[in-house]
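Visitor: The structure's right below; bear with me while I get my questions together.
The values are calculated or read from the model by the stated rules, or taken from the named source; none is laboratory data. Just so it is clear, the structure is predicted and the values come from calculations on it, not from any experiment. Cβ: placed from backbone, ideal geometry, glycine included. Neighbour counts: every protein chain shown. Keep in mind that these areas ignore ligands, DNA and RNA; they rest on the heavy atoms of the full protein, side chains included. Shrake-Rupley method; radii C 1.70, N 1.55, O 1.52, S 1.80 Å.
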Amino acid sequence: MTDQPIPAVAGADPVFSPALSAREGAAAAAGLFTEAFGGEPDGVWYAPGRVNVIGEHTDYNGGPALPIALPHRAHLALRRREDRTIRLVSSQTREAIDVLDLDAIGPKGTPGEVRHWNAYIAGVAWALEREGLGPLTGFDAALSSCVPLGGGLSSSAALESAPAVALDEVDGLGLAGGADDPDDAGRARLVTACVRAENEMAGAPTGGMDQSASLRCRAGHALALDCRTGEVEHVPFDLAAHGLRLLVIDTRARHSLVDGQYGARRTACERSARLLGVELLADVAPAELDAALARVAASGGADADALVRRTRHVVTEIERTRDLAALLGDGRRLTGEKLARVGALMNASHDSLREDYECTCPELDVAVDAARAAGAHGARMTGGGFGGSAIALVDDGAVDAVARTVLDAYAGRGFAAPAFLDAVPSAPAGRLSPGRRQ
Ligand code: GLA
């Protein structure tokens, strides 16, 4: 994984971050495992990062989201131990093996706090036991991930979902099902443990969309996720069949979910819901929005204006997400007027996140504006915002032109060059079977 910002130069070639193939990922993780711990792992499991097509900052408000799984994955070679020790190594810290005790680790801010990326992996074992799915054994594990870190592509959810499916198998929990026959209800229980690891062990107050995407998506489909009930529908999103690509622009403006900005937005939504007397903002019907905003404006105090705008984003984004999911699920080809409507919904989502939710940044806005100017059907930030990545829905033949226009716009603004990824809707977390293409 190279994560050094490259200065942007007008006219430069776009750099695409490749996804490791199953074979490469398995070889990297298993090789590291043998080097660090000796012997062979019990297996190599993987979990993808995600991009969200639409439905941003709706998950913790009880609304819908529409993510896809990326072909970029975290690969984890893991071997069960007979004791309660956890030993972890990653390709980025290969010299240092971290040794943890499953009986001693605990939430962030407690004496058992686990540092850095280890909090996600060890945290899942801790959370599975707290969810009543233990007792588990310890394990040795080696990680090799090609999901860009801090790029808003759910690198941390991939770090949670990979051990979730690995431990599910080696500890015989029986929740994930097979690669060809995933057990969605069981996976929803794994999601709960992964979210708990993220919230409590890593201290990021996130909403659960990312872990659902990594564990519950299907190749060639977007996941229409009801974040309140956990119900899902797999809506067709076979971009290649329609001559389309979803271009990810990783701005390399690094975002963090634990720096307070994300939590502040979540707190604002909770305050607004309280002012409106509803459990979650998803309870505000679009037809009631104007009246609701007037109530927030009248009772929101010093930050009434901000609360009004946060609320407006959430309620309108929920409607846009439902509309886009319905369009993808209507059985018609993704072309012509339908494609234009999908693009318009994506554009409106970004504009709302920029104006009302105020969680974009200049790098995201420049990427989106440049992609639209170069002919993208729609473009928007994806994920938590404040940095991270944008996505652009483009014709197959226009990918290079759009990427070049973004590069030139970045050079013009003096930004470091972004990286690009090809977001092919891919499979959820699972086990790599040796010698099989996945
Ligand atoms: C991050 C969080 C998710 C979600 C998005 C915004 O990715 O992890 O839970 O809230 O931001 O939609």
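Visitor: For region 69-111, enumerate the residues that are among the small types (G, A, S) and buried (at least 24 other Cβ atoms within 10 Å of the Cβ).
Guide: Selection gives A69, A74, A77, S90.
Visitor: Among A202, A240, which is surrounded by fewer than 17 Cβ atoms within 10 Å (Cβ to Cβ) and among the hydrophobic types (A, V, I, L, M, F, W, C)?
Guide: None of the other options fit; the residue is A240.
Visitor: Among the residues of region 28-47, are any within 15 Å of the ligand (Cβ to nearest atom) and either open to solvent by 20 Å² or more (accessible area, probe 1.4 Å) or at pLDDT 95 or above (or both)? Show your work before the answer.
Guide: The first filter runs over region 28-47 and keeps only residues within 15 Å of the ligand (Cβ to nearest atom), leaving 47.
Still in the running and either open to solvent by 20 Å² or more (accessible area, probe 1.4 Å) or at pLDDT 95 or above (or both): 47.
The answer is yes; a qualifying residue exists.
Visitor: Further question on the same structure: Just one of S154, S161 is at negative phi and within 15 Å of the ligand (Cβ to nearest atom); which is it?
Guide: S161
Visitor: Ok, one more. Return only the number of the condition from (1) within 22 Å of N118 (Cα to Cα); (2) outside any loop (DSSP other than H, G, I, E, B) that R254 does not satisfy.
Guide: It is condition (2) that R254 fails.
Visitor: Is one or more of the residues making up region 221-237 away from the ligand (no atom under 11 Å from the Cβ), farther than 21 Å from M381 by Cβ, in contact with an Asp or Glu (Cβ under 8 Å, 6 or more places away or on another chain) and in a helix (DSSP H, G or I)?
Guide: no
Visitor: Can you find a residue that is crowded, with 24+ Cβ neighbours inside 10 Å and either within 16 Å of the ligand (Cβ to nearest atom) or among the aromatic types (F, W, Y) (or both) anywhere in region 131-139?
Guide: Yes, the conditions are met somewhere in region 131-139.
Visitor: Would you check if A193 is surrounded by fewer than 23 Cβ atoms within 10 Å (Cβ to Cβ) and small (G, A, S)?
Guide: Details: surrounded by fewer than 23 Cβ atoms within 10 Å (Cβ to Cβ): no; small (G, A, S): yes.
No.
Visitor: If you don't mind, another one. Criterion first (open to solvent by 30 Å² or more (accessible area, probe 1.4 Å), out of contact with any helix residue (DSSP H, G or I) (no Cβ under 6 Å at 6 or more places or on another chain), modelled with pLDDT of 95 or more and outside any loop (DSSP other than H, G, I, E, B)) does A325 satisfy it?
Guide: Spelling it out, it is not the case that A325 is open to solvent by 30 Å² or more (accessible area, probe 1.4 Å), out of contact with any helix residue (DSSP H, G or I) (no Cβ under 6 Å at 6 or more places or on another chain), modelled with pLDDT of 95 or more and outside any loop (DSSP other than H, G, I, E, B).
Each row is one residue, and each column tells you yes or no for (1) open to solvent by 10 Å² or more (accessible area, probe 1.4 Å); (2) closer than 30 Å to I391 by Cβ.
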position	(1), (2)
E113	yes, no
A122	no, no
L128	no, no
G152	no, yes
A157	no, yes
P163	no, yes
L175	yes, no
A185	yes, yes
T206	no, yes
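Visitor: Tell me, which residue of region 260-284 that is in contact (Cβ under 8 Å) with a residue 12 or more places away in the chain and part of a loop (DSSP other than H, G, I, E, B) is surrounded by the fewest Cβ atoms within 10 Å (Cβ to Cβ)?
Guide: Among them, the one singled out is E279.
Visitor: Say whether the condition of being away from the ligand (no atom under 16 Å from the Cβ) and either in a helix (DSSP H, G or I) or modelled with pLDDT of 95 or more (or both) is met by at least one residue in region 196-219.
Guide: From region 196-219, those away from the ligand (no atom under 16 Å from the Cβ) are 218-219; that's our starting set.
Imposing the further condition that a residue be either in a helix (DSSP H, G or I) or modelled with pLDDT of 95 or more (or both) reduces the set to 218-219.
Scanning region 196-219 turns up at least one residue that is away from the ligand (no atom under 16 Å from the Cβ) and either in a helix (DSSP H, G or I) or modelled with pLDDT of 95 or more (or both).
Visitor: Just a yes or no: is a residue in region 367-382 among the β-branched types (V, I, T), farther than 19 Å from P148 by Cβ and not assigned by TED's automatic domain parsing to the domain that holds P71?
Guide: No, region 367-382 contains no residue that is among the β-branched types (V, I, T), farther than 19 Å from P148 by Cβ and not assigned by TED's automatic domain parsing to the domain that holds P71.
Visitor: Within region 48-69, is even one residue farther than 22 Å from L215 by Cβ, in a loop (DSSP other than H, G, I, E, B) and either within 15 Å of the ligand (Cβ to nearest atom) or of a type outside the set (S, T, Y) (or both)? Reasoning before the result, please.
Guide: Going through region 48-69, the residues farther than 22 Å from L215 by Cβ turn out to be none.
There is no residue in region 48-69 that is farther than 22 Å from L215 by Cβ, in a loop (DSSP other than H, G, I, E, B) and either within 15 Å of the ligand (Cβ to nearest atom) or of a type outside the set (S, T, Y) (or both).
Visitor: Could you please tell me which pairs satisfy a Cβ distance under 7 Å, a separation of 6+ or placement on different chains, a first residue in region 397-418 that is within 21 Å of L239 (Cα to Cα) and in the same structural domain as A379 (by TED's automatic domain parsing), and a second residue that is modelled with pLDDT of 95 or more and open to solvent by less than 10 Å² (accessible area, probe 1.4 Å)?
Guide: V399/L247; V402/L247; V402/A371; V402/A392; V402/V394; A403/L247; A403/F420
Visitor: Of the numbered conditions (1) touching an Asp or Glu at 6+ places or on another chain (Cβ under 9 Å); (2) open to solvent by 20 Å² or more (accessible area, probe 1.4 Å), V15 satisfies every one except a single condition; which is it?
Guide: Status for V15: all satisfied but (1).
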